[in-house]
Amino acid sequence: MAPNPSALSPVFETARYRKDFPILGQLVHGHPLVYLDNAATTQKPLSVIEATDRYYRETNSNIHRGVHLLSQKATEAYEAARERTRAFLNAESANEIIFTRGATEGINLVAQTWGRKNIGFGDEIVLSCLEHHSNIVPWQMLAEEKGARIRVAPIDDDGEFLLDEYKKLLSDKTKLVAVTQVSNALGTVTPIAEIIRLAHDKGAAVLVDGAQAVAHLRVDVRALDCDFYVFSAHKLYGPTGVGALYGKLKTLNAMPPYQGGGDMIATVTFEKTTYKKSPYKFEAGTPNIAGGVALTAALDYVAAVGLPAIAAHERDLLVYGTEKLSGIPGLTIIGRAKEKAGVISFTLGDIHPHDIGTILDRQGVAIRAGHHCAQPVMDRFGVPATARASFALYNTREEVDALEAAVRKVLEVFN
């Protein structure tokens, strides 16, 4: 069950919340699991697991088409998830919420629909050096097809987004800015509101990749005034295989469909097909209904704990972890932006991050090692890869201590 907000004390009750996550109780190689790979995917509370199980046990049916009771209940639950997501993002209408397989599909949807219609030869798309491959490759594919140009806003040696340099890239040729709100590789929080304002001043649309932001920051798409916003449920204590794309309704209704099939049509003949309005014209075929239902449970869980409380707890872990790891000989933290989410990306002398990750795993500590699908970030800092620890609401200072001890073990192995 999701925690009761009224029962929470001012002190963040990590031990209490950990009991909601069954997977955290296991041993890995004889050690208690220390799960610090949350930027890749978060673990799921029992309420999310039970919501999935309950849907298949009690409600399983296809949606929008059936007149029988199970179909009606499944449809109501799925559309309730859309409304819950609308409220979470503070969108104006549930019709502005399109369910996808995740942030990646949401970006590709915009590229293949809005992008193909609005980007032409000589136009420019502005990205940042911080982007995940999912917010680079779709735009490269579009630019190659249309003869458009990709321009990249740089970052400094701390991983800070250089707003003044970004301003210089904007011009009348800029048709789209696509930027992350939080870097998955460094944890940098970008000045997204100002990024959007400056882009709009030049008449450009803005897509925000919120995959790493939604679990750590309150998001208000109307306050941001972004044109598109994408996120994945699995980064937010929800299931894999489901996510959402927000878009301004007028913009969505002017976009062509992404895929053809059932449930996105109004009428079909062999001569002509007409399409429904948003969101349904972008949701061809049977969706991940159970995933939508479980996303509702995840959003309810996070709301009950409280995003401000989660952010404060993760900030404490970030400060504590940065201090602990900085004391390890030869360890270099990559990315020291003033505004960061709970991510510590680091190298350890000339020891390959994959070796670090392997040795840590033998100590029960799960981190991510590699380029984190952000190779341009690695290139910026002149490293092939980093080891990355990333925090969630269920992590503790004791787990940070276990991380430090495991990293010191790596030094023992290589010395």
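Only the coordinates and a few stated rules stand behind these numbers; no lab work does. Since we're looking at a predicted model, the values are computed, not measured. As a convention, Cβ positions derive from the backbone with ideal geometry for all residues, glycine included, and neighbour counts pool all protein chains shown.
The table that follows gives values for the structure above.
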read-out: Kirkwood-Stokes translational diffusion coefficient of the chain, alpha-carbon pairs, 4 °C, 1.567 mPa s, µm²/s; value: 58
read-out: Debye, to nearest 20: dipole size of the stretch 50-303, +1 on Lys, Arg Cβ, -1 on Asp, Glu Cβ; value: 860
read-out: Pairs beyond 29 Å (Cα-Cα), from Lys117/Lys167; Lys235/Lys272; Lys117/Lys235; value: Lys235/Lys272; Lys117/Lys235
read-out: Label-point separation, Asp156 to Asp172 (7 Å along Cα→Cβ), nm; value: 3.3
read-out: Cβ-based net charge around Gly102, under 13 Å, with every Lys or Arg adding one and every Asp or Glu removing one; value: 0
read-out: Set Lys250/Lys276; Lys73/Lys277; Lys175/Lys276; Lys248/Lys277; Lys146/Lys173 screened for pairs whose C-alpha atoms are more than 20 Å apart; value: Lys73/Lys277; Lys175/Lys276
read-out: Around Glu124: net Lys/Arg minus Asp/Glu count, Cβ-Cβ under 12 Å; value: +4
read-out: Length added when fully stretched, Glu398-Tyr56, from 0.36 nm per residue minus Cα-Cα; value: 119.4 nm
read-out: Pair-distance profile P(r), taking every C-alpha pair of the stretch 296-415, with 10 angstrom steps and integer %; value: 12, 43, 32, 11, 1
